[in-house]
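**Student:** Let me give you the structure first, and then I'll get to my questions.
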Amino acid sequence: MTTFFSFDELTWPEVNALPRTTPLVIPLGSGYPTNRLAEALGNPPQAGILPRIPFGWIGSGLSVPSQVLARMVGNLLDSLRDDGFTQVFAVCPQGLDLGLPQPWLALPVSPDCTPQASQQLPTIDQIGKVIILPIGQTEQHGFHLPLSTDTIIIEAVAQGVATAVPDQAFSLPVMPYGVSTHRQAFAGTLNCGGRAFEDFWLAVIDSLAQRGFDRFYFMSGHGGNSSFLVNVVKYAGEQHRRIFCATAWLYLSGQDGVAALEKYRRSPIGGMGHACELETSFILHLHPELVHMERVVDETDFVSTPNYYMDWVEGGSLIANPSWDDDTRTGAYGAGSLATAEHGQFWLEAAVNEKITHIAEIHTQHTRREARRQSGYGRWGKI
């Protein structure tokens, strides 16, 4: 009998220790019978299930062009292959042809299981709300945190916002994959590829805008997504001139967010970067069973200069992407040993409040701009 394990609950050293013949599966949606999946894989003793892709294919309720989806999924599979794994597959609903050069498995979905994506996608009743698009990542987080750290955090923030202001915002299901340009340093770090990532999310905006949605907020739990999301919102605004599409640097990065960080922060500059005091506190609060505090290694010995250094908010004016191997032996940037669940709860509440403020501003921006358009302001008076 095959034992299935959650790949994203592992730490990167645990991924590194897996036999490279271990089958690894990226599902499109959910509801696949495990017995059929095990049979399709050849009934191995164990197999890893990666986080599901929640939408994007025909029949998911929110589709993008098949070649766009295939390019992104192909890059994710290549990430696993680059780590040395030889049995990697995408699993999709029966009858769907991904057009991948890599092998995929087409399986029926259990008749008693409705794919989660269709239950979490906006209906026409949500038009007029800000559509939140939360994006995490599946990547290494030192010796002590799971690969799902970024996804867990931004899902909690997005759901917190959608629950607090349901009349103003609606959250899509979290996408657990993003862009990591440093993935070769540590096992278990996946990469959509920058251009494939941008193309996918632009296609998502295209699909939603065509349905009448006109306010969007990309929330990212992973710093590597940020520069690519800037491109997405710029191109989206150019292509759809009556929408307001925005993003922001992670969370707790505005004036109120920084004040909340400083209120309880215990580490000096350099202590909040990656798998750090902040992220470890979040996971201690949200999923303490996934944290291995006995394995924490604090790393703050970065190659720092006045205009280039690592910290959550302060990072200097230079933008660069040197190898992570230069600055960390464990994959951590910061002081995870100083984390507490209590501070994680406080910072989560502060992050939700910061994002609620952003939601209100997006509504204000869209409303005021639409009023100008209706009045014939500028070029709109000639259209």
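The values are calculated or read from the model by the stated rules, or taken from the named source; none is laboratory data. Keep in mind the model is a prediction, meaning the values are calculated, not measured. Every residue, glycine among them, receives a Cβ derived from its backbone with ideal geometry; neighbour counts consider all protein chains shown.
**Student:** I'd like the full set of residues that are part of a loop (DSSP other than H, G, I, E, B), crowded, with 18+ Cβ neighbours inside 10 Å and of a type outside the set (A, V, I, L, M), limited to the stretch 278-298. First the steps, then the outcome.
**Tutor:** Step one: of the stretch 278-298, the residues part of a loop (DSSP other than H, G, I, E, B) are 287, 291-292, 296-298.
Still in the running and crowded, with 18+ Cβ neighbours inside 10 Å: 291, 296, 298.
If the condition is that a residue be part of a loop (DSSP other than H, G, I, E, B), crowded, with 18+ Cβ neighbours inside 10 Å and of a type outside the set (A, V, I, L, M), then D298 is the only one that fits.
**Student:** If you take the residues in the stretch 299-319 that are outside any loop (DSSP other than H, G, I, E, B) and surrounded by 15 or more Cβ atoms within 10 Å (Cβ to Cβ), which one is modelled with the highest pLDDT?
**Tutor:** Top of the filtered list is E299.
**Student:** Search the stretch 15-43 for residues being without any contact (Cβ under 8 Å) to a residue 12 or more places away in the chain and farther than 16 Å from L107 by Cα, and hand back the single one that is surrounded by the fewest Cβ atoms within 10 Å (Cβ to Cβ).
**Tutor:** Out of the qualifying residues, it is A17.
**Student:** I need the full set of residues from the stretch 354-383 which are touching a helix residue (DSSP H, G or I) at 6+ places or on another chain (Cβ under 7 Å) and closer than 13 Å to A169 by Cβ, in order please.
**Tutor:** Within the stretch 354-383, K355, I356, I359 qualify.
A quick yes/no check of all residues on (1) out of contact with any Cys (no Cβ under 9 Å at 6 or more places or on another chain); (2) among the β-branched types (V, I, T); (3) not in a strand (DSSP E or B):
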{"position": "R20", "(1), (2), (3)": "yes, no, yes"}
{"position": "V25", "(1), (2), (3)": "yes, yes, no"}
{"position": "G42", "(1), (2), (3)": "yes, no, yes"}
{"position": "L76", "(1), (2), (3)": "no, no, yes"}
{"position": "F89", "(1), (2), (3)": "yes, no, no"}
{"position": "G99", "(1), (2), (3)": "yes, no, yes"}
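**Student:** For the stretch 235-263, what are the residues that are buried (at least 16 other Cβ atoms within 10 Å of the Cβ) and in a helix (DSSP H, G or I)?
**Tutor:** Y235, A236, G237, G257, V258, A260, L261 - these are the residues of the stretch 235-263 that are buried (at least 16 other Cβ atoms within 10 Å of the Cβ) and in a helix (DSSP H, G or I).
**Student:** Could you tell me which of the residues S180, S207 is farther than 17 Å from L50 by Cα, among the polar types (S, T, N, Q) and not assigned by TED's automatic domain parsing to the domain that holds L69?
**Tutor:** Only one candidate qualifies: S207.
**Student:** I'm trying to understand the selection: among the residues of the stretch 53-74, which are part of a loop (DSSP other than H, G, I, E, B) and either hydrophobic (A, V, I, L, M, F, W, C) or free of Cβ contacts under 8 Å to residues at least 40 places away in the same chain (or both)? Full working, then the answer.
**Tutor:** From the stretch 53-74, those part of a loop (DSSP other than H, G, I, E, B) are 54-55, 57-62, 64-65; that's our starting set.
F55, W57, I58, G59, L62, V64 - these are the residues of the stretch 53-74 that are part of a loop (DSSP other than H, G, I, E, B) and either hydrophobic (A, V, I, L, M, F, W, C) or free of Cβ contacts under 8 Å to residues at least 40 places away in the same chain (or both).
**Student:** Now for a separate question. For the stretch 44-98: of the residues being farther than 16 Å from R195 by Cα, polar (S, T, N, Q) and in contact with a Gly (Cβ under 8 Å, 6 or more places away or on another chain), which is surrounded by the most Cβ atoms within 10 Å (Cβ to Cβ)?
**Tutor:** Selected residue: S60.
**Student:** Continuing with this model, one more query. If you take the residues of the stretch 156-189 that are of a type in the set (V, I, T), surrounded by fewer than 24 Cβ atoms within 10 Å (Cβ to Cβ) and at pLDDT 95 or above, which of them is nearest to G344 (Cα to Cα)?
**Tutor:** Here is the first cut: in the stretch 156-189, the ones of a type in the set (V, I, T) are 157, 161, 163, 165, 174, 179, 181, 189.
This time we only want the ones that are surrounded by fewer than 24 Cβ atoms within 10 Å (Cβ to Cβ), so: 163, 165, 181.
Next, only the ones that are at pLDDT 95 or above stay: 163, 165.
Values: T163: 19, V165: 22 Å.
So, considering only residues that are of a type in the set (V, I, T), surrounded by fewer than 24 Cβ atoms within 10 Å (Cβ to Cβ) and at pLDDT 95 or above, the one nearest to G344 (Cα to Cα) is T163.
**Student:** Would you point out the residue of the stretch 320-376, among those that are aliphatic (A, V, I, L, M) and more than 22 Å from L252 (Cβ to Cβ), that is surrounded by the fewest Cβ atoms within 10 Å (Cβ to Cβ)?
**Tutor:** Taking the candidates together, the pick is A320.
**Student:** Another one. Just checking, which of A156, A162, A203, A187 is in contact (Cβ under 8 Å) with a residue 24 or more places away in the chain, within 26 Å of E299 (Cβ to Cβ) and in a helix (DSSP H, G or I)?
**Tutor:** A156
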